[in-house]
1. Would you mind checking the tilt of helix 44-63 against the longest principal axis of the Cα atoms of the chain, expressed as 0 to 90 degrees and rounded to 10?
2. Could you work out how far helix 294-315 tilts from the main Cα principal axis of the chain, as a 0 to 90 degree angle to the nearest 10?
3. Points 7 angstrom from Cα along the Cβ direction at E100 and V188: gap in nanometres?
4. Hey, with R₀ at 35 Å, roughly what FRET efficiency would D133 and R299 work out to, going by the Cβ-Cβ distance, to 0.05?
5. Can you order the peptides 166-177, 20-31 by their average number of other Cβ atoms within 10 Å per residue, highest first?
6. Considering only DSSP beta bridges whose two residues both sit in the chain, what percent are antiparallel, to the nearest 5?
7. Quote the FRET efficiency, to the nearest 0.05, computed for F236 versus N202 with a Förster distance R0 of 22 Å and r equal to the Cβ-Cβ distance.
8. Give the relative contact order (percent, whole number) for the chain; include only Cα pairs under 8 Å separated by 6+ residues.
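Nothing in this text is a laboratory measurement; each read-out follows from the coordinates by a stated rule. Bear in mind the structure is a predicted one, so any value in this text is a computation, not a measurement. FYI the Cβ positions are ideal-geometry reconstructions off the backbone, even for glycines, and counts take in every protein chain you see.
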Amino acid sequence: MHTAESHIGWPSSVAIIGAGTMGLGVAECFAVAGIRVLVTDATPELTREARDRLVRRVEGHAEAGLLPQEAVDRVEAVMAADDVAGAVSDADLVFEAVPEDMGLKEEILGSCCESAPEEAIIVSNTSSLPIEDLSGFVGRPERFCGMHWFNPPEWTPGVEVIPAAPTGREVVERLVGFLRSIGKRPVVVGDGPGFVANRIQNALFLEAVRCVDEGLASSQEVDEVVRSCFGFRLPFFGPFQISDMAGLDVYENVLDVLREGLGERFEAPESLRDLVERGRTGTKSGAGFLEYSDEERDRLLLERDRRYAALNELLGDLPPVDAGSGS
Ligand SMILES: NC(=O)c1ccc[n+]([C@@H]2O[C@H](COP(=O)([O-])OP(=O)(O)OC[C@H]3O[C@@H](n4cnc5c(N)ncnc54)[C@H](O)[C@@H]3O)[C@@H](O)[C@H]2O)c1
């Protein structure tokens, strides 16, 4: 988490609506960055309890050596507001993180829009509800956007920024600039079901459950395979760089076998077949999904090896996946 007051100066005040798992983590992150934060939950009592939890949590982070004492002082300054109107009346940015229920989001976003200053930007942390639909609940949809964080939000760097059709371009730029300035890694993505992260994550999850249901491995074994085999690469590379380094012709062959055994969901996409047909098989041919000069390829592969060696070092004493095995 960024503790220096390095953020771009906007927003100076943020309202967090819904102080649960996500709202509190985001509140900690903003407060630690030096931003004035107000939180509110379903009732004044729940809000006060949530604020106390927030302070205890940052104290725990400081005790564990994860944050300096200064961070605790900043989080202690987070204010509890009795209701939405009290939280948003002076906010530059309103962060909605109430449960994933369309009716509730409609009610809350409507109240936020009614009571927030006209120039405030309102964002929703929804994991799956279409941003276009949610934008219909605010009076100024050009100042509304999806901002999807990941649990635990105070530590996970990636944030999906999801504009709806009416969202102003300058609003998106402002949100992206702000998130970068507090050390996050925002990516602007389209408003499709599950956006990008949840769509990919759930495809992985479904296949993991199927592997267990079909008796290929236990859930502990699947977790071990995922984190230690291909998951080991994921902090550094996404599927396109990974497949380019492995060889797209190899991927195509494997997909053909999977398609044969597991059905249409493994059909190789035309875009992949086309690349292979044109000889773009990845780093080994100088181009795959991406393009690589000889020098870039050599640098990439050496950098990959450096990162993997460092990660192996970090993982040195990672225990095997056995939590919850009952043994
Ligand atoms: N949990 C995750 O991993 C995760 C990740 C990304 C996005 N999200 C999304 O973030 C949102 C919040 O999820 P969460 O996991 O923090 O849920 P949560 O249940 O932990 O927190 C929601 C909070 O909203 C409060 N709330 C309920 N009604 C309210 C009202 N009328 N006014 C104010 N507050 C009210 C609840 O009391 C609770 O504290 C959801 O849209 C969810 O899909 C969750």
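1. Its long axis makes an angle of about 60 degrees.
2. Around 70 degrees separate the two axes.
3. 2.6 nm
4. About 0.20, to the nearest 0.05.
5. 20-31, 166-177
6. 20 percent
7. 0.45
8. It rounds to 12 percent for the chain.
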